[in-house]
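Everything on this sheet refers to the single structure shown next.
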Amino acid sequence: MKFVIITHVVHKQIKNNYFGYSPYIREMNRWLKYVGAVKIVAPLDIDYASRITATYHHDQLEFERVSQISLLSILDVLKTFFKLPVICFKIWKSMRWADHIHLRCPGNLGLLGSVIQVFFPSKTKTVKYAGNWDPNSDQPWSYKLQKWILSNTFLSKNIKVLVYGEWAGQTKNILPFFTASFSEKDIEFIDKDFSNNLNFLFVGSLMEGKQPIYAIRLVEELKASGKNVCLKIFGEGPLQSDLENYIELNNIKDFIKICGGISLIELKEEYKKSQFSILASKSEGWPKAVAEAMFFGCIPIATKVSCVPWMLGNGDRGILLSEKLDKDRNTILEILDNTRQLKITSRNAMEWSQYYTLEYFEKEIAKLL
């Protein structure tokens with residue numbers, strides 16, 4: 001099978017290897033186990049650099065470089081207008097070459113791919129929609145357009161769109177799906193101790209949409225309320241210097257630390273040592289940081305976005321944030337006084353997440369291909 005991937009993920013080439021954002025690459029390597037020749041259509045930026053990277057594992061991989069595009073300003077739109085013909089031709093040519101078309105959405109290249117796939121109705125296709133599929137959520141027009149095209153069974157034929165969560169009123173080509181980070185071999189029961197020191201984690205990009213500052217302020221409030229708490233922040237991004245300045249100015253570096261990006265193996269050990277994870281994100285698809293923490297019994301504290309309320313069992317497997325600091329602090333303080341319930345919540349989170357293993361994920365991918 002000839003398999004083409006259309007993605008906005010920025011890659012970097014080192015000799016004959018192509019590197020990209022590690023969680024995405026790790027997932028795609030699971031798909032690539034079941035295909036023959038592979039073609040990647042994506043941006044290739046020689047200056048791209050991140051510690052959180054991985055490389056594809058496939059011996060018949062070809063890369064088709066396309067320009068990055070943006071629609072955020074008038075100048076960006078003008079630049080994109082002149083780039084579009086070449087990008088669209090490369091996507092069309094790659095789709096024509098392929099037996100199976102795989103789109104990564106949402107994103108600008110995913111939008112172009114969604115339009116161009118209409119002209120290949122007989123080819124089998126899968127779409128991994130890694131964003132928020134909630135029909136009632138407030139989203140950019142380009143995301144709404146992608147969702148409309150992919151949901152339209154007249155325009156999008158022979159296609160399976162994999163979305164996070166179960167949503168009412170969807171067309172037959174929309175399939176609830178998931179993702180996974182850990183193997184059946186990683187499953188273990190961890191009995192968390194909630195009676196003494198309480199370790200909190202933030203895992204994710206240090207950017208506005210993930211609201212790492214909210215995690216910091218929440219733990220800061222718990223500390224001021226007399227709780228023995230600490231917070232480790234794992235990730236990298238444009239807000240790092242601002243967060244470091246906040247920690248320094250407020251003299252809270254003795255219990256809040258920014259640790260940078262680390263490998264999944266190292267992160268696994270941090271999950272095991274921690275009791276809680278915080279993700280006050282404004283938008284998510286399937287938040288891996290939440291599912292990964294739950295796998296090792298961390299109680300997730302997260303906002304009510306996308307499929308998060310379903311993941312947390314509407315409170316049975318975690319704590320849902322209101323994004324009102326005083327209210328969230330008081331809710332958590334009340335919960336911290338009930339160690340018996342905390343252990344039950346931790347166990348519920350662990351049992352739910354450990355169902356979604358890499359082995360189960362690969363079986364579902366094999367069915368799709």
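The values are calculated or read from the model by the stated rules, or taken from the named source; none is laboratory data. Quick caveat, the model's predicted, so the values are computed rather than measured. Neighbour counts run over all protein chains shown; Cβ positions are idealised from the backbone, glycine included. Heads up: the accessible areas ignore ligands, DNA and RNA and are worked out on the full protein's heavy atoms, side chains in. Shrake-Rupley method; radii C 1.70, N 1.55, O 1.52, S 1.80 Å.
Any residue in the stretch 126-135 that is on the phi < 0 side of the Ramachandran plot, among the basic types (Lys, Arg) and surrounded by 14 or more Cβ atoms within 10 Å (Cβ to Cβ)? For the stretch 126-135, residues on the phi < 0 side of the Ramachandran plot, among the basic types (Lys, Arg) and surrounded by 14 or more Cβ atoms within 10 Å (Cβ to Cβ): present.
Glu221 fulfils the conditions (1) over 30 Å from Gln139 (Cβ atoms); (2) open to solvent by less than 60 Å² (accessible area, probe 1.4 Å); (3) touching a Phe, Trp or Tyr at 6+ places or on another chain (Cβ under 9 Å); (4) outside any strand (DSSP E or B) except for a single criterion, (3). Among the conditions (1) at pLDDT below 95; (2) within 24 Å of Ile265 (Cα to Cα); (3) open to solvent by less than 30 Å² (accessible area, probe 1.4 Å), the only one that Ser50 does not satisfy is (3).
Restricting the first member to the stretch 335-346 and to residues that are under 11 Å from Gly297 (Cβ atoms), and the second to residues that are modelled with pLDDT of 95 or more, the beta-carbon pairs closer than 6 Å and six or more apart or on different chains are Leu342/Phe194; Thr345/Ile299; Ser346/Lys192; Ser346/Gly297; Ser346/Ile299.
Somewhere in the stretch 142-155, is a residue of a type in the set (Phe, Trp, Tyr), open to solvent by 10 Å² or more (accessible area, probe 1.4 Å) and within 24 Å of Lys288 (Cα to Cα)? The answer is yes; a qualifying residue exists.
Counting only residues that are within 19 Å of Val305 (Cα to Cα), out of contact with any Leu (no Cβ under 8 Å at 6 or more places or on another chain) and part of a helix (DSSP H, G or I), the stretch 323-345 holds 2 of them. When Gln68, Gln13 are checked against the criterion of being closer than 25 Å to Glu284 by Cβ and surrounded by 14 or more Cβ atoms within 10 Å (Cβ to Cβ), a single residue qualifies: Gln68.
For the stretch 183-197, the count of residues that are at pLDDT 95 or above and assigned to a strand (DSSP E or B) is zero.
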